[in-house]
Amino acid sequence: MIQRLLIANRGEIACRIMRTCARLGIETVAVYSDADSDLPHVRQADHAVHLGPAPARDSYLDIDKVIAAAQQSGADAIHPGYGFLSENPRFAEACEAAGIIFVGPQADAIRLMGDKAAARQHMARHQVPVLPGFDDEGADDAALKKAAGEVGFPLLIKAVAGGGGKGMRIVHAAAEFDEALHAARREARNAFADDRVLLERYLPRARHVEVQVFADTHGNAVHLFERDCSVQRRHQKVIEEAPAPGVDPALRERLGEAAVRAARSIQYRGAGTVEFLLAPDGEFFFMEMNTRLQVEHPVTELITGEDLVAWQLAVADGKPLPRSQSALQFRGHAMEVRLYAEDPAQQFMPSSGLLEVCHWPTLPGLRIDTGFVEGNRVSDHYDPMLAKVIVFGEDREQARRQLQRSLCAIHLGGIRHNTGFLVQVLNHPAFIAADLSTRFLEEHDELLNTAQQPDRHTLLTAAALLWRDLRADDAGRDPWQQLSGWQGLLPTRFHARLALDGEADSVMLEMTDNGHWQARIGDTPVNDTPAAMQWRSAPEGTRFRRGRLRNADSEREFSGRVEQGHLHLFAQGHSWCLTLDPAFESGTSSQRGAPFAAPMSGTVVALHVQAGAAVKAGDAVVTMEAMKMEHTLRAPAAGTVTELPFAAGDTVSEGTLLVQFEPEAVES
């Protein structure tokens, strides 16, 4: 029986595995890089081993270091989590060679399913339906371009060694193919050290439905029903739910049988996920098999009542599966969202920095898997996921409402995040109606419209009212000290200087006869009708204040907190960080938002032109990568690239000017 388990991963999945181990009486060993020394997974483990510098290739991806850490700590088994080495057959073989139990499938199965072309061919031979495509081994660019015309558009370029949406590009027309192919190859090479790709017919209105499978070494194989993961951005899942809406018992049985047949065909062992595209007519097609535990496994756990990590450990110990297919049932509905450090308003740009505020609520039916607490730093070296927020309901609508409520109770400050965006998706009529497809976010691009959020004047008014309330608390009970700007025989006033998004403003509050506040931003009154706001402390000693701002046009719930010279304001999952008493002579940040300013800290991965090159509007100029995501900066207009200060491989900070650009003169 496994006695001591090393978890070759970080963050929320490491913490989640540790919870099961604590229940089973198994000791745990954490590994960590320089960037992660203060994260919860390091503190929660029974033992911890330092792997090396922050870059994953020098720490979490270094097989020799991970094996040495297991030997040094006396671990008799390794759980790879997901990502990093979890689908690396050489790692599974290295564990076996060192006499360490690998909590995962056999290396041959990982290798076969990790090669998307070979996996397609294998499944086709075993009567698992696949999409039309082109998967010839080692095809060069010319052969791929020729095959693209035969497959037809739209099509999907997919990395052969891919996963997690890396190395994938949708191509709608032949004119787009060359650039998309080069980008997919480059991303695949950077992510997997393998730039081979295949082509598949793209189904614009398909759903992404996957089946959780398990197999043991005694010849048993089962499925634990299906999940819908259709809401995606950049081919990465955003919202997952189980069971899949609209899947009737007959279709569920067909999906489950196909998934189990796929697992049996490779003599699979352990946890796996067989992923399908589900067409509107009910036909489904094999996409890939993930040979590991999935990020979205908690929704399956909540509807079945099973602990899938405990199942993994049992199978790794050589035991039979805990339940047979006939004994497995599900009830209710579960939903999960992936909460990322990213900015939806800036094309989901990753964000990094200090979590000045981090509050995870406790609510009925809510489960939060996270590896971050307040005061941790979100690094730009790793995937930007902060947490998985999962809820259970008796039906889909109850789960959706509970998830929306839970997200609104999460408060994160200091970094950009997608919480408010997720709330908007959950409340969208198409999502409520379960009208889902993998193009959901493209079809409903209004979800990225920030007009639904409070305007700048409303935010500044709410922030000034909160700041006044907190200042009054600090001043104690003396009425002569409670008010800033108090003058005898004149209306009560409060003056604040605040900066939002780098732009500073003077905010004056003046109390009216009925006890409401008239706000003035600079010389401009905010509203003809004075605002009313009564702040109150949030429960459980969280140091937050909550209140409802009312004026003639709207009524909004806000909460807020002051931390380290910043006032953090929250509403409906969105957050804003305002600087208190900023230097007033400065109005805007220098480079942020410029066409060729680095949108985040990261690495330059490609220069598409040379200095002196003439470019047209929309031409790709430079591509950079951060948190495993690529972003290409394009020419805003016709002009000349006069200088490229950085080379591929250089690391740059957010706001750094990457390109000197001279726009073409416009004749008047």
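Here, each number is a calculation from the coordinates, and none is a lab measurement. Since this is a predicted model, take the numbers as computed values, not measurements. When we count neighbours, we look across all protein chains shown, and the Cβ atoms used for this are built from the backbone with ideal geometry, even at glycine.
How do the peptides 183-193, 461-471 rank, highest first, by the average count of neighbouring beta carbon atoms within 10 Å per residue?
461-471, 183-193
Using the Kirkwood formula on the Cα atoms of segment 602-663, what hydrodynamic radius do you get, in angstrom to one decimal?
This gives a value of 11.6 Å.
Would you mind giving the three semi-axes, in whole Å and largest first, of the ellipsoid equivalent to the chain according to its Cα gyration tensor?
The three semi-axes for the chain are 45, 31, 25 Å.
Let me have the relative contact order for the chain, percent, based on Cα pairs under 8 Å that are six or more residues apart. Before the final figure, lay out the partial values.
Numbers: 1481 pairs, mean separation 58.9, N = 668.
Answer for the chain is 9 percent.
Taking the Cα centre of segment 207-452 as origin, work out the dipole magnitude from +1 charges on Lys and Arg Cβ and -1 charges on Asp and Glu Cβ, in debye rounded to 20. Walk me through the numbers before you get to the answer.
Details: 24 positive and 34 negative charges, 87 e Å.
About 420 debye.
Suppose R0 equals 41 Å; then what is the FRET efficiency for Asp513 and Glu374 from their Cβ-Cβ distance, rounded to the nearest 0.05?
The value I calculate is 0.50.
Lys/Arg Cβ at +1, Asp/Glu Cβ at -1, dipole of the chain taken about the Cα centre: which of Ala617, Ala68, Ile7 is farthest positive-ward?
Ile7
Among bridges DSSP assigns within the chain, what percent are antiparallel (round to 5)?
Numbers: 118 of 133 bridges.
Around 90 percent antiparallel, to the nearest 5.
If I take R0 = 22 Å and measure r between the Cβ atoms of Glu643 and Ala665 in this structure, what FRET efficiency does the formula 1/(1 + (r/R0)^6) give, to the nearest 0.05?
0.75
Modelling each spin label as a point 7 Å along the Cα-to-Cβ direction, I'd like the Asp58/Thr632 distance in nm, to one decimal.
Each label point lies 7 Å from its Cα, and together they span 3.1 nm.
In whole Å, what is the distance between the alpha-carbon centres of segment 19-42 and segment 615-651?
Going from one Cα centre to the other spans 39 Å.
Report P(r) for segment 207-452: all Cα-Cα distances, bin width 5 Å, range 0 to the bin holding the largest distance, values in whole percent.
The distribution over segment 207-452 is 1, 6, 14, 17, 18, 16, 13, 9, 5, 2, 0, 0, given as percents.
Tabulate in residue order the Karplus-calculated ³J(HN,Hα) for segment 429-435, using 6.51 cos²θ - 1.76 cosθ + 1.60 with θ = phi - 60°, rounded to whole Hz; enter x for Gly and Pro.
x, 5, 5, 4, 7, 6, 8
Just grab the label-to-label distance for Arg536 and Arg125, each label 7 Å out from Cα along the Cβ direction, in nm (one decimal).
Rounded to a tenth, the inter-label distance reads 6.8 nm.
According to a simple spin-label model (label point 7 Å from Cα along Cα-to-Cβ), what is the distance in nm between Glu137 and His218?
Inter-label distance under the simple model: 3.8 nm.
What full-extension length gain, to one decimal in nm, is calculated for Ala433 and Ala68 as 0.36 nm per residue of separation minus the Cα-Cα distance? Write down the numbers at each step before the final one.
On the way: separation 365, 0.36 × 365 = 131.40 nm, distance 5.15 nm.
That works out to 126.2 nm of additional length.
Are there trypsin sites (Lys or Arg not before Pro) in segment 598-662 that DSSP puts in a loop and that have at most 12 other Cβ atoms within 10 Å, and which ones?
In loop regions of segment 598-662 (DSSP not H, G, I, E or B), the sparsely surrounded trypsin sites (Lys or Arg not before Pro) are Lys616.
Given Cα pairs under 8 Å that are at least 6 residues apart, what percent is the relative contact order of segment 132-201?
With pairs under 8 Å counted, the relative contact order is 42 percent.
Using the Cα centre of the chain as origin and beta-carbon charges of +1 (Lys, Arg) and -1 (Asp, Glu), tell me which of His218, Pro245, Leu181 is placed farthest towards the positive end of the dipole.
His218
With everything on Cα atoms, drop me the angle between helix 141-151 and the longest principal axis of the chain, reported from 0 to 90° to the nearest 10.
90 degrees
Give the Debye-formula value of log10 I(q)/I(0) at each listed q (0.18, 0.23 Å⁻¹), with one equal scatterer per alpha carbon of segment 41-172, two decimals each.
Results for segment 41-172 at q = 0.18, 0.23 Å⁻¹ read -1.02, -1.41.
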